[in-house]
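The structure that follows is given in the form of structure tokens.
Each value in this text was obtained by applying a stated rule to the coordinates, not by laboratory testing. Everything numeric here is computed off the predicted structure, so don't read it as measured data. Positions of Cβ are backbone-derived with ideal geometry, glycine not excepted, and every protein chain shown enters the neighbour counts.
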Amino acid sequence: MSPAAALSLASFVALLMLGLALLISTVRIIIGPTLADRVLALDLLTVVAMGFVAAIAIRTGLTLYLDIAIALALLGFLATIALARYIMSRRLKSGGAPQ
């Protein structure tokens, strides 16, 4: 097996596994019992999407996709921080002590 064929096969397997993880995290967002579970699933969705973009970058050989993954990482980080602050404000308004 040539190195190019091995890389192609590995990237295809990675895309399949990341696609399955994307589906599972989407299901967790939909049926998550608490808001914190949904926020964590959304963060996982962002990380899996970054892996998906990186696998496509490796498969195609275009480094432009890595810039997209970096922008997606920044967006995911900011969304996680914003949702965590929202959860904390809801907990403080309801009278619960922050942990």
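Shape call for the range 3-93 from the C-alpha gyration tensor, a ≥ b ≥ c root eigenvalues: rounded (a/c under 1.5), prolate (a/b greater than b/c) or oblate?
Values: a/c = 5.56, a/b = 2.00, b/c = 2.77.
Because a/c hits 1.5 or more and a/b fails to exceed b/c, the range 3-93 counts as oblate.
Could I ask something else about it? Sorted by mean Cβ packing within 10 Å, highest first, what order do the peptides 57-69, 34-46, 1-13 take? Can you show the working numbers first?
Numbers: 57-69: 13.5, 34-46: 16.1, 1-13: 10.7.
Output ranking for 57-69, 34-46, 1-13: 34-46, 57-69, 1-13.
Please state the charge dipole magnitude for the range 8-99, taken about the Cα centre, from unit charges on C-beta atoms (+1 on K and R, -1 on D and E), reported in debye and rounded to the nearest 20. Let's see the in-between values first.
Numbers: 7 positive and 3 negative charges, 77 e Å.
Charge dipole of the range 8-99: 360 debye, to the nearest 20.
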